[in-house]
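Nothing in this text is a laboratory measurement; each read-out follows from the coordinates by a stated rule. From a predicted model like this one, the values you see are computed outputs, not experimental measurements. We place every Cβ from the backbone using ideal geometry, glycine too, and count neighbours over all the protein chains shown.
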Amino acid sequence: MDAKRKLFRALEGENFSDILFFFNFKAGKNGFSKNEFAELIEVIPVKDFQVLWKLILKHIRPIIEEQTYIPPSLRKAAVDMEGLAIDTEELEKEWKEAIVFFRGVIYLIEIYLKIPNAATSDTLLETITLFHDILFNIEQIFEEAQAKSIISTINVEMKDLDNEIAKVCETWFFQERRGKEQLVGQTISFLLLRALSDNSCHADIKRVYSFRHALQVLDFQDQSSDILKDLLLRCFIHPMFLRTTEGKGFLVTLFGIYPPFIDDIHLTVKSQLSTSEESIWEAYGEVYFKAWKVATGIYLDTIG
């Protein structure tokens, strides 16, 4: 039986060990390397991916619904149907296997999106949407692990998992694929949190700037956008946004996402002026001038 048939056969079954043989890239001789896996995926006929995504979704959905991807040490005490405590070692094993599978599937999607004319299927979109919708959950896992001083343990399995998910969501959006709007909310929030962190770098600002057009698909009148709007306003007081070309370009963009938001920008900037150095004043002046130059209609009136 060739490797492709073995992969499909494994996914059709329920034995997770058989599945991880293909998706655990750290297993050495007992599995596939990333390069070997990529070579396998690249020779699968495009028509067969429709079946592949259905099989993968069958395994992804219960992992997310049952929150198996959350480390047992951060879950509430688990009990079985009869109220008896579940074996924590077994929970730990399930968690590690879930994360390995997640990483493998994300890598598979990454490879697939590089295939010319790769089709967008409903099951693939649903899979990526499920990943997108847990981005904040993963961020919370890292925060709780940090608070409980177990971050090093969590990092062994989950380091950069959120970033890998975000990259796939960005690629989907940039490729103008159907359903791209579903992958914006948590992706842009993740990118902003990364750019606003104390150890952010120029590359983080560039990434936010590249994704700026995604803001146009969001409804800023809805209360659910309040947290995102707070993150966007924080960009106006973050040095990296005020000192880089891409950062200032992103701030200019924010004047055009929702007219009432401009008043919030005014208040945020005014609160900084009395304590800001001359270079920051100049950065604000540059941003306001460029925003004014490109504004029209109600946006121009509101900028004043």
_Restricting the range 154-186 to residues that are free of Cβ contacts under 8 Å to residues at least 60 places away in the same chain and polar (S, T, N, Q), the residue that is farthest from K26 (Cα to Cα)_ = Q182
*Return yes when L52 is touching a residue at least 40 places away in the same chain (Cβ under 8 Å) and assigned to a helix (DSSP H, G or I) and no when it is not.*
yes
_Subset of the range 226-249 (residues that are surrounded by 15 or more Cβ atoms within 10 Å (Cβ to Cβ) and farther than 17 Å from W281 by Cα)_ = L228, K229, L231, L232, E246
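Can you tell me which residue among E143, E97 is among the acidic types (D, E), within 19 Å of E164 (Cβ to Cβ) and buried (at least 17 other Cβ atoms within 10 Å of the Cβ)?
Residue meeting the stated conditions: E97.
Could you please give the count of residues in the range 145-200 that are part of a helix (DSSP H, G or I) and either under 19 Å from Y107 (Cβ atoms) or not β-branched (V, I, T) (or both)? First the steps, then the outcome.
Going through the range 145-200, the residues part of a helix (DSSP H, G or I) turn out to be 145-147, 151-158, 161-174, 180-183, 185-196.
Remaining after also requiring either under 19 Å from Y107 (Cβ atoms) or not β-branched (V, I, T) (or both): 145-147, 152, 155-158, 161-174, 180-183, 185-187, 189-196.
So the count comes out to 37.
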_For T127: the one exception among (1) among the β-branched types (V, I, T); (2) under 29 Å from F22 (Cα atoms); (3) surrounded by fewer than 16 Cβ atoms within 10 Å (Cβ to Cβ)_ = (3)
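Report those helices (runs of 4 or more DSSP H) wholly inside the range 210-290 carrying at least 1 residues which are free of Cβ contacts under 8 Å to residues at least 12 places away in the same chain and out of contact with any helix residue (DSSP H, G or I) (no Cβ under 9 Å at 6 or more places or on another chain). Outline the logic, then answer.
Values: elements: 226-234, 239-243, 245-254, 259-273.
The helices (runs of 4 or more DSSP H) meeting that bar are 226-234, 259-273.
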